[in-house]
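Undergrad: Before I ask anything, here is the structure I am working with.
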Amino acid sequence: MYLQHFGLQKAPFSLTADTHFYIDFIPHKEALEVITTALSFGESILKIIGEVGTGKTLLCNKLEQELAEQYLICVFDNPYLSAQELRCSLAVKIGIDKSEFDDRLFLTEKIKERLLELHKQGTKVLLLVDEAQAIPDHTLEALRLFSNLETDSEKLLQLVLFGQPEFNVRLADNKFRQLRQRITFSYQLRPLSEKEIEHYITQRLKQAGYRGACLFNTRVCRKISQASRGIPRLINILAHKVLILSYGRQHYKITTKLVKQAVADTEDAYVINSLSKWWLLLFSFVVLNLVLLLWWKGIL
């Protein structure tokens with residue numbers, strides 16, 4: 001599409017959670033530091049919360065990539081599983097033969113035995129669960145029970161839960177108090193600031209192979225910041241559409257007008273109203289003059 005037009009090697013604003021485009025911003029950097037530090041201390045359950053589109057899946061993938069040499073990592077990116085389906089999936093991931101899946105209680109014991117074997121071999125097991133807010137109640141309880149598996153001195157597996165804010169609401173229910181108490185560390189991802197967004201867009205273009213002059217100037221990035229509310233997924237969508245619109249006009253200049261057109265075509269983007277600022281200034285001017293008039297007449 002526009003790759004050749006802008007001299008790009010790959011799409012810079014794809015929605016896939018590609019770690020090639022990971023950028024070490026403060027929210028993600030801090031989240032990684034919290035997780036890696038807590039895991040090194042042997043903590044059993046950790047939680048990362050972020051609004052839709054703030055990069056939880058990318059963070060999960062980055063964590064898997066960075067810890068691959070230290071852990072046997074089991075990723076659950078579709079957690080809408082029954083408790084038994086979770087047990088079976090975990091069993092496969094840690095190396096248990098499917099022929100041993102017939103009896104639920106027996107399978108739980110086989111999982112514990114296998115975890116003990118791995119522990120003796122010096123292999124640590126880490127579960128990464130994305131979209132944790134969608135986990136059924138019984139499956140959440142199964143995860144909690146897995147976190148109870150331990151030797152005399154340490155846990156046999158560790159767990160990191162990535163979820164939307166609704167997950168916190170669920171955990172506040174009294175029936176999840178046991179799980180809630182076992183979550184020793186948590187981190188809340190925040191949206192990107194305006195300055196971070198400008199750097200984010202520039203870096204993604206660079207990582208995609210762009211070597212030309214600045215495409216997204218400060219004014220353009222400010223408009224994208226307003227419309228996206230700092231959410232990386234919306235930033236990607238808007239930047240992608242802006243490049244398409246620019247390519248369609250066969251020029252290389254990215255303008256605020258193109259951003260407004262992209263915003264109008266994007267469902268969850270905040271509509272930029274350029275008139276609102278001028279109406280506010282006009283209102284302030286009228287109020288100020290009214291106050292001066294009343295003061296001059298001695299009313300105030």
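Undergrad: With charges only on Cβ, +1 for K and R and -1 for D and E, what is the dipole size of the chain about its Cα centre, in debye, rounded to 20?
TA: Dipole size: approximately 1700 debye.
Undergrad: Would you mind checking which residues have amide H under 5 Å from Leu159's amide H? H placed 1.01 Å from N; only 5 or more apart, or other chain.
TA: Close amide H contacts, sequence-distant or interchain: Ile45, Leu46, Leu127.
Undergrad: Another question about this same structure. Using the Karplus equation 6.51 cos²θ - 1.76 cosθ + 1.60 (θ = phi - 60°), what ³J(HN,Hα) coupling, rounded to whole Hz, does each residue of the stretch 232-239 give in order, writing x for Gly and Pro?
TA: Along the stretch 232-239, the couplings run x, 4, 5, 4, 4, 4, 5, 5 Hz.
Undergrad: How are the alpha carbon pair distances in the stretch 69-157 distributed across 10 Å bins from zero to the largest one, expressed in percent?
TA: It works out to 16, 53, 29, 2, in whole percents.
Undergrad: Using alpha carbons only, what's the Rg to Rh ratio of the stretch 9-101 with Rh from Kirkwood?
TA: Result for the stretch 9-101 is an Rg/Rh of 1.01.
Undergrad: Moving on. Computed over the Cα atoms, what is the radius of gyration of the stretch 157-213 divided by 2.2 N^0.38 Å, N being its residue count?
TA: 1.82
Undergrad: For the stretch 131-247, what ratio Rg/Rh do Cα atoms give with a Kirkwood hydrodynamic radius?
TA: Reported Rg/Rh, Kirkwood definition of Rh: 1.18.
Undergrad: On a 20 Å Cα-Cα criterion, which of the cross-link pairs Lys62/Lys124; Lys10/Lys56; Lys93/Lys120; Lys62/Lys98; Lys10/Lys206 come out too long?
TA: The pairs that break the limit, which is 20 Å between Cα atoms, are Lys10/Lys56; Lys62/Lys98.
Undergrad: Can you give me the pair-distance distribution of the stretch 194-266, C-alpha pairs, 10 Å bins, whole percents?
TA: Computed distribution, short to long bins: 21, 60, 19.
Undergrad: Calculate for the chain the 222 nm mean residue ellipticity that helices alone would give, adding -39,500 (n - 2.57) per DSSP H run of length 4 or more and normalising by residue count, nearest 500 deg cm²/dmol.
TA: -16000 deg cm²/dmol
Undergrad: Which percent, nearest 5, of DSSP beta bridges in the chain are antiparallel?
TA: Given both bridge residues lie in the chain, the antiparallel proportion sits at roughly 5 percent.
Undergrad: Using a 1.4 Å probe and counting only protein heavy atoms, arrange Lys98, Lys124, Lys62, Lys206 so the residue with the most accessible area comes first.
TA: Lys98, Lys206, Lys124, Lys62
Undergrad: Given the options Ala134, Ser99, Leu245, identify the residue whose Cα lies farthest towards the positive end of the charge dipole of the chain (+1 on Cβ of Lys, Arg; -1 on Cβ of Asp, Glu).
TA: The residue sitting most towards the positive pole is Leu245.
Undergrad: Rounded to the nearest whole Å², what accessible area per residue is found for the chain with the 1.4 Å probe?
TA: Per-residue accessible area for the chain comes out at 55 Å².
Undergrad: Can I ask one more? Between Lys175 and Ala68, what's the calculated FRET efficiency when r is the beta-carbon distance and R0 is 45 Å? Round to 0.05.
TA: 0.80
Undergrad: Could you pull out every one of the aspartates and glutamates with an alpha carbon less than 20 Å from that of Lys223, ignoring same-chain neighbours closer than 8 positions?
TA: Candidates past the 8-residue exclusion: Glu194, Glu196, Glu198, Asp265, Glu267, Asp268.
Undergrad: Return one quarter of the surface area of the convex hull spanned by the alpha-carbon atoms of the chain, equal to its mean projected area, in nm².
TA: The orientation-averaged projected area of the Cα hull of the chain comes to 23.0 nm².
The values are calculated or read from the model by the stated rules, or taken from the named source; none is laboratory data. Note that the structure is predicted; figures quoted are calculated from it, not measured. No Cβ is skipped: glycine too gets one built from the backbone with ideal geometry, and neighbour counts run over all protein chains shown. Accessible surface areas use protein heavy atoms only, side chains included; no ligands, DNA or RNA. Shrake-Rupley method; radii C 1.70, N 1.55, O 1.52, S 1.80 Å.
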